[in-house]
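Written below as structure tokens is the structure these notes are about.
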Amino acid sequence: MIALVLALVLSQNAARYTPAEARALFNEGNEAYGRQDYATAQSRYEQLIAAGFGGPEVLFNLGTTHLSAGQLGPAMLYLERARRHSSDEDIEANLAVARQRQGDQVVGAETAEPFLQRLAAAIDPQAVGVAFLFTWYLGFALALLAWQRAAGRWPLGLAAAGFLLIGSLLGAGVAVHASVTRSVIESIVIPETVKVRELPGDRARVAFEVHAGLKVRIIEETGRYVRIRLPNALEGWTEKEGLVEL
Amino acid sequence: MARTGSALRLIIAAALLLAPALAGAAEPEFYMTVDRARVGTEDTFSVDIVVGNAPEGSTIAFPAANDFEVLSRSETNQMSYSVGTGGTGVIKQLRRYSLILRANRAGTLTIPPATLKTSDRTYKTDSASLEVVKGRTRPEKPQRQAQNPFGLPPGFPQLHDPFEDDGPSVDVEVPRSDSDFFLRASLDKTEVFVGEQVMLSIIIYSQIDLASVDTVTMPKFEGFWTQDIQSPSQLSPERKVIDGVPYRAYLLRQKAMFPMKPGEMSIEAAEADINAGNIFSGRRAHRKSNALKLKVKALPGNTAAQNVGSWRLAMQATQTEVALGEPVQVKVQLEGRGNLQSVQVPALQVPAGLKRFDPQITDKPTVTKAGQVGGVRTIEYVMVPQQTGTFTLPGLTLPYFDPESKHFEESKTDPIVITVRPGAGGQATTSSPTTGDPTATADASAKNQLVAGGLRQVRATATFAPVKPPLWSRGFFVPLALAPVVLSLLSLGIGLARSVAGKTSPEALKRAQAKAARKRLAAAEKLLSSASPAAFYEEVERALRSFLEAKLNVPVIGLTRQALDAVMASHKVPESERRRVLAVFETCDLGRYAPGMGEPSARNRALDGAAVAMEKWA
């Protein structure tokens, strides 16, 4: 119920800002950041995100503000979210700073993410989706034309095949993005320290601790506990309230 | 362990070798006085036994009773000379024994008489009755005799009363077992805040001379930060009076303690091995002090604050306008009372344009005469400007809790603005910039250094279009993507079904024939380059006739042009199509017989005409 009310309030807020008002709010946040009033800056950026203007720039600024304020967990969260929208050099640079300050060293971690995850991260779902639909329909249209024609079919047929092949590749990219987005749930540790237990439950033995800013993968969930996996395959159970999904 | 001054001994045989005073001395004078008639069990009182003109060889036995404990005993001698009748000089000798007693129980108790034994007889004093109540009666010093009881004549120097100048009275609980000398620990406060100073003193109280202290075992001060205030190497006595009893107080150790956490803190007993007496009649005893309790209160409200005391922060720079590469020294000074070691001075945040070197920190602890610990911490920052411009060193704020005012206070410094002007620039460096010596980098830093690194700054602009979910997550995406596939499959299926269902129908036969005609035309296309024009044109004509038979569903082979035109007209074929077909036949006739029609261009025209005729009709 509370969530519903919050969603309603947020949706009303979302409709409240015109782009000009959003820009003014964004500038207020930047000015507050400039005078090192990080709390005010965070408040302005969060207002924009709540209003539906959580683009990569706003997310990057919010993450950078948290990083400047020494709040590693939220910093990693918003920078990673910004990276999902648009990976660029600035985001990567500040993410590198945040990772350097992070307190955990995942020993034996793979240096790079799996191929499909990297591919999904590299795909712009909007652009690739539109390109897929365009080439897909064009290919079928050419194929239909080739089928209808008695003579001169081959050029049309070849063109249709080419477009259909490109469309299929783009469609595969869209499918990979959708699959990775749906199946790979990643979260960021927000509190300074989070206990990870061997089993779900308050009495289970604490296997290890993780600290703010660490990115973990959610494997499964039961009650208020989730099973997390670190990049080096180390696993354990922790309370989900200490994690925020990317 | 030896017990001195403990329970009453029945007789302390004090052999009195009284000097021969006067031959034919009078009766000895022998009496006992008590300074109070009502005492408490915690009070001490004084009993004086006076012997005058005691015969030679006489002995005195002090009153003995289990109801009393002798805490101390002292002895004074007085001699007086007077001229008696007949001008004979008379010397009078008085010996006074002062006992400090304490009652062991409440009730009406009797002090037995003291006894003086001479060679021929025994003298006894009167006994004395006391009313003893539990606890203390009143905190008053025992009454002393105001006048000289021995009636010295005027002009005689007054004898020293040892109780007259015994120093201040202190409230120390005297252990019953070690009343001759004992060890006591005390705190100057019983309740403090976390981080507030409390002074611990370990003192030996003694009624006898002490020679030395061999070993001192101090308690563990868990939960405290401590600092030695006094740890004398030699025993130095100070007179103190405890319940009217004079003691020598030897300060053994004095420590300033700062509790680090709230709660009821315990301080264990200290222990010492003490050598008493002198080299001829000394003894060694082990003494243990009392344990102590201290109530430590948490700081009110803001528990995050850690600085306690009274502090003042100051910051100053050697110069506020410098050339590029010229070092600037900024001195931050903290001064005040409290535990200097635990004070956390905020670090100076230096703008990116100034290169800061590790600060040099100097602590100068101080202790006031009253034992208050404090000090001065000096933090010297050296920074070298890397860029020109105006840089502001932010002011520092030190929050602290003042236990005296019981409030949180803040000591703030003003920001310092440093202006860096361009230096000489381009000077050759003569020393390595990696030495860590800021002055060594001065020449190297004479240029405006623009160094990348650190956090990337926030974006100044942004697009404010609402964030859309991925296209694939929209409801229409999957149906839209599958639509052409489904439609293609559907049309293929329909076509297949129709072809299967209509293979024997006249229309299907017509379509098959038309298709065959088109194939024949395709075969004629292969004869384009053949040597025989007749074969090419015949093939084109046959293909077109087959097409017409399929379309018109009548045999057309052998028909004249006019008959064929009539048949087509009867089937409502448009005139333009009829003319196009007839033109192709005409071309084929010409191609077979007329010279020059074997050229590739003519053949192409015939082929194209037949194809167009078929396409347009289809």
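The values are calculated or read from the model by the stated rules, or taken from the named source; none is laboratory data. Remember, it's a predicted structure, so these values are computed and weren't measured experimentally. Note that we place each Cβ from the backbone using ideal geometry, even for glycine, and neighbour counts take in every protein chain shown.
Could you tell me whether B:VAL556 is surrounded by 15 or more Cβ atoms within 10 Å (Cβ to Cβ) and under 27 Å from A:GLN148 (Cα atoms)?
Taking the combined requirement at face value, the residue does not satisfy it.
Given the criteria touching a His at 6+ places or on another chain (Cβ under 9 Å), within 30 Å of A:ALA172 (Cα to Cα) and modelled with pLDDT of 90 or more, does A:TYR38 qualify?
When the stated conditions are applied, A:TYR38 does not pass them.
Here are some conditions: (1) in contact with a Leu (Cβ under 7 Å, 6 or more places away or on another chain); (2) of a type outside the set (Gly, Ala, Ser); (3) not assigned by TED's automatic domain parsing to the domain that holds B:ASP188. B:ARG337 meets all but one. Which one does it not meet?
(1)
Would you confirm whether or not the range A:54-73 contains a residue that is in a helix (DSSP H, G or I), closer than 24 Å to A:PHE208 by Cβ and either within 9 Å of chain B (Cβ to nearest Cβ) or basic (Lys, Arg) (or both)?
no
Could you run through the range B:549-570 and say how many residues are over 13 Å from B:ASP589 (Cβ atoms) and at pLDDT 85 or above?
Residues that pass the stated criteria total 8.
How do the pairs read when you match residues in the range B:525-543 that are in contact (Cβ under 8 Å) with a residue 12 or more places away in the chain with residues anywhere that are surrounded by fewer than 21 Cβ atoms within 10 Å (Cβ to Cβ) and part of a loop (DSSP other than H, G, I, E, B), using Cβ under 7 Å and keeping only pairs 6 or more apart or on different chains?
B:PRO533/B:GLY598; B:PHE536/B:LEU527; B:PHE536/B:LEU528; B:PHE536/B:SER530; B:GLU539/B:LEU527
Check the range A:226-236 and report whether any residue there is surrounded by 15 or more Cβ atoms within 10 Å (Cβ to Cβ), more than 20 Å from the chain's Cα centre (by Cα) and touching a residue at least 40 places away in the same chain (Cβ under 8 Å).
yes
Under the condition of being at pLDDT 85 or above and among the β-branched types (Val, Ile, Thr), which residue from the range B:218-244 is nearest to B:VAL373 (Cα to Cα)?
The qualifying residue nearest to B:VAL373 (Cα to Cα) is B:ILE229.
Considering only the range B:220-240, how many residues are buried (at least 18 other Cβ atoms within 10 Å of the Cβ) and either among the basic types (Lys, Arg) or closer than 30 Å to B:ARG136 by Cβ (or both)?
Qualifying residue count for the region: 1.
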